[in-house]
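Working notes, beginning with the structure itself.
Nothing in this text is a laboratory measurement; each read-out follows from the coordinates by a stated rule. This is a predicted model, so every value here is computed, not measured. Note that each Cβ is placed from the backbone with ideal geometry, even for glycine, and that neighbours are counted across all protein chains shown.
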Amino acid sequence: MASRSREEILDSLVRILEDMTADWDMDLDDPIDEATRLMADLEFESIDVVQFIVAIEERFQQRGMPFEELLMEDGRYVDEITVRDTVDFLDRHLAG
Amino acid sequence: MNPTVLIGLDGATFTILDPLMQEGVMPHLASMLASGVRAELRSTPNPLTPPAWIALMTGRNPGTHGVFDFIWSEERASEVYFTLYNFRDIQCETIWSMVSRQQGRVGTLNFPMMSPPPEVNGYVIPGLVSWKHLRRNIFPREVFDELKGLPGFSAREMAWDFDMEKEAARGVPEEEYENWITFHIRRERQWFAAVRHLMRTRPADLTAILFDGPDKMLHMGWRFLDPDLVPSDPSPWEQKIRQLLHDYFRELDTFLAEIRELAGPEARLFMASDHGFGPTREVLRINTWLAEQGLLRWRDMEDMAEGDRERYRRLIDRHFVLLDWRHTRAYASTTTSNGIHIRVARSEGDGGVPAADYATFRQELADRLLGITDEAGQPVISRVLTREEAFPGPNNRRAPDLTIVTRDHGFLSIVNREPVLYRRPQVEGTHYPMGVFMAAGPGITGGVTLPAMDLVDIAPALLHSLGLPVPSDLEGRVVEGLFTDSFLAGRPVRRGGPTARPDSYALREQHTLEAEEEAQIIKQLQALGYME
């Protein structure tokens with residue numbers, strides 16, 4: 001599997017999120033990009049995070065990544081996740 | 001293949017269905033049973049929606065199929081990391097794949113753990129998916145667009161409402177009973193409209209639809225339906241609730257009749273529930289008991305910053321457990337698993353049970369659990385099963401170390417509250433081990449009650465009805481007496497080879513594409529003169 005650039009990862013994540021939120025009747029001020037906050041901007045709830053992770057694993061065909069690193073900090077669940085956080089996480093963990 | 005229909009009735013029990021048939025609320029079901037068979041259907045050791053329906057779909061028990069609960073958890077740092085089981089956790093081939101890879105068409109609606117959806121020769125509309133994710137989780141996606149065109153279609157009404165279900169898990173308040181019942185009547189109408197449409201536009205050899213309303217009705221409405229508990233002098237409100245519950249089952253009965261009619265006279269109809277139902281009068285707060293025994297310690301929230309404390313209160317409110325892992329050796333992580341996990345020490349100084357002491361610790365804990373008594377000195381727990389006893393098989397790693405069966409089959413509470421044994425103010429319904437099986441149609445024995453069957457016997461019955469062989473590694477069998485002798489004489493049960501990999505159908509499709517691509521490349525190379 002060829003390694004992916006940050007841009008490719010970002011592009012994939014934006015596509016996933018656009019597809020995921022297509023039916024959510026949201027009026028976003030800005031298009032989804034690296035700065036988008038999942039909870040504050042896209043109104044993600046915990047079940048949406050679970051679906052997001054599954055969609056990422058399906059898109060990149062890789063299971064078993066330590067998503068707790070993204071969702072938890074110092075052993076505690078974080079209150080917010082940005083697209084940039086997710087890109088950073090995948091940049092570290094996607095198989096090269 | 002012979003058209004075959006499976007109707008799932010989540011939580012259905014003859015304790016309730018029989019009186020409903022006798023009282024004329026479900027005349028079509030009564031008529032079907034008069035010409036068909038019935039049997040009690042034994043659920044999985046923890047009678048719960050995900051492990052039980054997947055046992056039905058795979059013909060394998062949870063120790064083999066690998067799903068034990070709605071969610072699974074792992075200890076990470078100072079918290080428990082939770083995630084939902086999904087289709088990819090199922091370690092066995094489903095019947096949808098078995099039929100698809102033998103060129104049969106399947107249509108499946110509202111079955112749990114069907115997302116992300118498997119690619120089948122037909123369609124999949126998964127259950128337990130929020131409306132926000134329904135479209136993406138339907139295979140193929142264009143089915144969602146078809147449904148959107150149906151008059152009155154509402155994804156919000158049809159899909160799983162996690163917020164409502166979360167509230168309901170705490171017990172539906174009495175003032176909400178009416179809304180709760182009517183919501184589920186509307187929800188079942190959505191699913192019925194979907195299956196009616198798809199049976200017309202995308203006819204399948206195996207059509208399977210799960211109505212999960214019976215479970216919702218029986219949790220909150222048990223005392224209005226159980227003949228032993230129905231008030232002899234009901235208040236107007238009690239009469240109204242009972243009437244609404246009857247309305248729900250009356251409408252469900254018409255759906256069963258219409259589905260049968262749509263399937264046609266040659267079709268065989270099978271109905272099954274994932275577990276039964278019965279009354280529960282008490283709650284065992286198992287983590288409170290473990291704490292009293294010195295085996296579990298709650299996390300101290302006093303030393304936390306106010307923001308953290310608030311967040312943890314919200315988590316606790318959602319039935320999460322917050323434990324001090326360094327001082328915890330045994331805990332229950334979910335109320336639905338009815339199970340206890342034992343923490344095995346990971347390192348020196350870790351407060352868990354040393355690996356060498358695991359077997360002894362587990363046996364001693366099981367013995368102590370069986371010693372829990374009520375005020376009258378009567379045991380509260382009827383059985384404690386080890387992981388190997390409850391879930392034998394190669395994929396039982398995520399199963400609880402101990403599975404508890406309480407005397408009234410109630411779910412355990414995991415919250416930090418006293419007393420350990422809590423008497424419910426009202427009788428509620430809970431999952432019991434014996435569900436229902438019913439079947440009718442050409443070749444099905446008429447008007448008989450068979451001995452109790454197991455959930456894993458359903459997949460073989462469906463495969464045989466379709467005219468397909470029963471894979472050699474299924475754990476169930478085509479039970480004696482289900483099909484008539486004359487039918488079996490013309491179509492003896494065929495034993496097939498083993499099941500394929502869980503995602504075999506999708507893989508086959510992928511391989512076909514690759515083969516086509518390969519052929520195309522060879523053709524191009526030949527055209528260019530590089531290959532003969």
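Only helices enter the 222 nm calculation for chain B: every DSSP H run of n ≥ 4 contributes -39,500 (n - 2.57), and dividing by all residues gives -11500 deg cm²/dmol, rounded to 500. Here, P(r) means the percent of Cα pairs in each 20 Å bin from 0 to the largest distance; for the protein assembly as shown it is 18, 51, 29, 3, 0. What the Cα convex hull of chain B gives, in volume per residue, is 207 Å³. Annotation: amide H of B:TYR123 within the under-5 Å range of B:VAL106, B:GLY107, B:THR108, sequence separation 5 or more or interchain, hydrogens built in the peptide plane.
Suppose we keep just the DSSP beta bridges with both residues in chain B; what percent of those would be antiparallel, to 5? Antiparallel bridges: around 55 percent, rounded to the nearest 5. Residues whose amide H lies under 5 Å from that of B:ASP454, counting only those 5 or more places away or on a different chain, are B:ARG42; hydrogens are built 1.01 Å from N in the peptide plane. Computed 3J(HN,Hα) for the stretch B:11-23, one whole-Hz value per residue from the Karplus formula 6.51 cos²θ - 1.76 cosθ + 1.60 where θ = phi - 60°, is x, 5, 9, 5, 4, 9, 5, 4, x, 5, 5, 5, 7, glycine and proline marked x.
Secondary structure note: in the protein assembly as shown, about 60% of the DSSP beta bridges are antiparallel.
Across all C-alpha atoms in the stretch B:46-202, the radius of gyration and Dmax reach 16.8, 53 Å.
What residues have an amide H closer than 5 Å to that of B:MET271, excluding those fewer than 5 places away on the same chain, when H is modeled at 1.01 Å from N in the peptide plane? Under 5 Å from the amide H of B:MET271: B:ILE7, B:MET438, B:ALA439.
Taking trypsin sites (Lys or Arg not before Pro) as exposed when DSSP calls them loop and at most 15 other C-beta atoms lie within 10 angstrom, chain B has its longest site-free stretch at B:171-317.
With Cα atoms as the point set, the radius of gyration and Dmax of the stretch B:74-122 evaluate to 15.0, 50 Å. For the residues of A:67-73, the average number of beta carbons from a partner chain within 10 Å of their own beta carbon is 3. The convex hull defined by the C-alpha atoms of the stretch B:1-117 has an orientation-averaged projected area of 9.9 nm².
Each residue of the stretch B:133-138 is assigned a 3J(HN,Hα), and the resulting list reads 10, 5, 4, 5, 9, 9 Hz, derived from the Karplus form 6.51 cos²θ - 1.76 cosθ + 1.60 (θ = phi - 60°), x at Gly and Pro.
Which of rounded, prolate, oblate describes the stretch B:334-402, given a ≥ b ≥ c as roots of the alpha-carbon gyration tensor eigenvalues and a/c under 1.5 marking rounded, otherwise prolate only if a/b is larger than b/c? The shape class here is oblate.
With a ≥ b ≥ c the root eigenvalues of the C-alpha gyration tensor of the stretch A:1-94, is it rounded (a/c under 1.5), prolate (a/b larger than b/c) or oblate? Cα axes put the stretch A:1-94 in the oblate bin. Of the trypsin sites (Lys or Arg not before Pro) found in the stretch A:16-66, the ones in coil according to DSSP and having at most 12 other Cβ atoms within 10 Å of their Cβ are A:ARG63.
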